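Please read the structure below before turning to the comments.
The values are calculated or read from the model by the stated rules, or taken from the named source; none is laboratory data. Small disclaimer: the values here were computed from a predicted structure and weren't measured. Quick reminder, even Gly has a Cβ in these numbers, built from the backbone with ideal geometry, and neighbours come from all protein chains shown. In case anyone asks, the SASA skips ligands and DNA or RNA and just uses the protein heavy atoms, side chains included. Shrake-Rupley method; radii C 1.70, N 1.55, O 1.52, S 1.80 Å.
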Amino acid sequence: MSKPVDRSTTGEPMTLSFGPQHPATHGTLRIVLELDGETVLKATPHLGYLHTGFEKLGEHLDYNQYIVVTDRMNYLSPLSNNFGYALAVEKLFGMELPKRGQYVRVIMAELSRIADHLIWLGTSALDLGAFSVFLYGFQQREKLYKIFEDTTGARLTTSYTRVGGLLRDLYPGFENDVRSFIRDFPKKLKEIHTLLTKNRIWMDRTKDVGQISSEYAINYGYTGPCLRATGVDRDLRKIEPYSSYDEFDFDVPVGSNGDAYDRYLVRMEEMIQSCRIVTQALDNLPDGPINVESHKISLPSKQETYGHIEGLIHHFKIIMDGHGIQPPVGEIYCATESPNGELGFYIVSDGSGTAYRVRVRPPSFFHFQAFDHLIRGGMVSDVVAVLGSLNIIAGELDR
Amino acid sequence: MSEEQTDAEVVEPPEPIVIQQLRERFSDHILTVIDQRGELSVVVDKDASFQVLEFLKVDFNLSYDFLVDVTAIDYSQMEDVLIEYGYARYMVVYHLNAFLTNERLRVKVPVSEKDFTIKSVVALWNSANWLEREIYDMFGINFDGHPDLRRILMPDDFEGFPLRKDYPLRGRGEREKFNFGRENV
Amino acid sequence: MGLESKLGDSFITTTIDKVVNWGRKNSLWPMPFGTACCAIEMMATLATKFDLSRFGAEAIRFSPRQSDLMIVSGRISIKMMPVLRKIYDQMPEPKWVISMGACASCGGVFDTYTLVQGVDQFIPVDVYVPGCPPRPEDLIDAVMQIQKLIGDETVSVARMAKREEISQATLG
């Protein structure tokens, strides 16, 4: 007769320092695990390994310069951050972009949502041992890089938005490129589905792992796909539509279980919904200007700057140190639905060319905070699965 | 509609229900109410901050159950704000969101340097834990009743509070001098 | 040479240095110290389109003890610097370092209290890659520069001692 294995250990709990240099920590996360055998008794995250001083910089850079900094917050989807920040400053001014500008921003934000989820998919699958998904994901992402580069001039750090508009309008072949991407992408995503969704190993590693109930998720400040995986239907694009999101028809995928597998399914479906939004935006893309018609805020065209004295003065006033664009005194909080969740900017203005205080509400900060709750009682190998499913970006976590 | 009526409406817009309820309960502790750019802010006395937030969270009709963000501001270079709130240098800012009605509310609490402790809200929201640690790390404000108040972003042996206005952007030489023998790295 | 003409076509003569360097430079094992945006471009370099394995450097090892090329890609904060140094120290000789991107090389756009203004103050760097972030082609170029550097190395004891000396002087 075989005896059941006694899994309890009698010794002291073992402390394991996981990270900051570890393949699954995606850079700079560190978790100190207290283990009993392979069971996690307690997980204490340590952060700050990528603290860069973004909020302090916000008090020293002017409003348009800060857009460069927002690129480097969530570096998987810089366009979404540019978008969120520009929207916040525009709210401070109390102005709205022309329709075309809003639509272009929506297109770019949704494409970058796809790009973000692709990297998340690739790396979280890579951490669990599925290397081919990483390559499949990057193949698609390279196509998006091409579109981003042609539009903004950079692959990754795009800095595409400006306060009151955009860097420049879309290039002539943009619509064709995007449409051909949107045409192919669902097929490629289906290939990834066949690799993972019903894969026995993938399901065993992610189902019922890192589970969180909706009550706890709300209490911990969860937003975005991680919150929706618990069954809460909250998407800022629906409940507080900004930048014409109310004109698009799309669904918000919601999970039920709140585990790593549901977070995976929610994100996979979000990519398809983003494709829908992009298609609608391209179909109805209005003509017209992309920038607000105010030379106090948006730069005049090159012809005007070189050819007319007014244009030159406006240009000078916006660019020169000590002038710049100056919003009225006040404070605003503006949140957008970034790929990871609610990305909020709280800006306090004292009426000068630089903000008095810039506070960023990073979604990852809240997701990582509940890590102990998610992993307690799980196995060491689940740490990697949970960390991957949360998609914690150190750049916005530590700021 | 006569002109007099429109004038009357403009002069006295009804206060939002939240504010009415707060005034009813905490009349002495509500310092200012600001309605600006469609965002509602309430400045609350520090003694009542916890009670106000608890009421906002627990009250069935309001149920601001989602703590969006907690942060702080150093107002030492904004003279008018300093004067208005009795030279309280810092302001702790809570952003709340009600899930059902999707209304947002900002609660601001002045904290002066003389009495540098404010009651922690970790008992109400788990998410406040790290946010308050970050404020402690960046501004040095203490939170009474916080379970684990220590530095979060900066190293444990760091001196100074970076987001204070008197702390220089480029630091005080911390980035050149190194203690490589630091334990716990 | 004379020896080859005696022994016939199936023999070649060369120096130990050449053989060792040939082996080393065509099978670099990078240790990606990726912290921020540059790490994403580093991932792109390793992925399908750019494919770093064409240069024999695709065997990414996250353990410093198994690698000989450190790619520092991303911002290094004062909290991270001791970790970086510790990992550098754990790498066995011979080792090379690429400082990828503006932040690792000089602090980049982040001239703030918490960011180390160039990792070369604390570890010796062989190749710097400009850009914020650099394109994958730039990183590939840097790997090729490292290969060129390795070609000039020698395995003799005296040279190794000298290398150690330089490294100590940099670290201070």
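Counting only strands (runs of 3 or more DSSP E) wholly contained in the range B:91-163, the ones carrying 1 or more residues that are at the interface with another protein chain (Cβ under 8 Å from one of its Cβ atoms) occupy B:104-111.
Give the residue, chosen from A:ALA125, A:ALA154, that is open to solvent by 10 Å² or more (accessible area, probe 1.4 Å) and either without any contact (Cβ under 8 Å) to a residue 60 or more places away in the chain or out of contact with any Lys or Arg (no Cβ under 7 Å at 6 or more places or on another chain) (or both).
From the options A:ALA125, A:ALA154, the qualifying one is A:ALA154.
So which of A:HIS295, A:HIS308, A:HIS314 is within 18 Å of A:PRO98 (Cβ to Cβ) and open to solvent by 20 Å² or more (accessible area, probe 1.4 Å)?
Result of the check over A:HIS295, A:HIS308, A:HIS314: A:HIS295.
The residue that is farthest from A:ALA385 (Cα to Cα), among those in the range A:168-185 that are assigned to a helix (DSSP H, G or I) and open to solvent by less than 50 Å² (accessible area, probe 1.4 Å), is A:PHE174.
Out of all the residues in the range A:174-193, is one or more among the β-branched types (Val, Ile, Thr) and closer than 30 Å to A:ILE318 by Cα? Break it down stepwise before answering.
Filtering the range A:174-193 for residues among the β-branched types (Val, Ile, Thr) gives A:178, A:182, A:192.
In the following step, the residues that additionally are closer than 30 Å to A:ILE318 by Cα were identified as none.
No: zero hits.
Within the range B:62-89, the set of residues being surrounded by fewer than 21 Cβ atoms within 10 Å (Cβ to Cβ), facing chain A (nearest Cβ under 10 Å) and in a loop (DSSP other than H, G, I, E, B) comprises B:ASP65, B:GLN77, B:MET78.
Can you name the residue in the range A:274-292 that is assigned to a helix (DSSP H, G or I) and not β-branched (Val, Ile, Thr) and, of all such residues, is nearest to the chain's Cα centre (by Cα)?
Looking at the filtered set, the residue picked out is A:SER274.
Listed conditions (1) open to solvent by 10 Å² or more (accessible area, probe 1.4 Å); (2) farther than 17 Å from B:LYS46 by Cβ are all met by B:THR117, apart from (2).
Within the range A:59-101, restricting attention to residues that are among the small types (Gly, Ala, Ser) and away from chain C (no Cβ under 11 Å), the residue that is most open to solvent (accessible area, probe 1.4 Å) is A:GLY94. Scanning the range C:117-129 for residues that are away from every other protein chain (no Cβ under 11 Å), within 22 Å of A:LEU156 (Cβ to Cβ) and at pLDDT below 90 yields a single hit, C:VAL119.
Of all residue pairs spaced 6 or more apart or on separate chains, those with beta-carbon atoms under 7 Å, a first member in the range A:240-263 that is in contact (Cβ under 8 Å) with a residue 24 or more places away in the chain and a second member that is open to solvent by 50 Å² or more (accessible area, probe 1.4 Å) and assigned to a helix (DSSP H, G or I) are A:SER244/A:LYS99; A:PHE250/A:ARG276; A:VAL252/A:LYS238; A:PRO253/A:GLU269; A:GLY255/A:LEU265.
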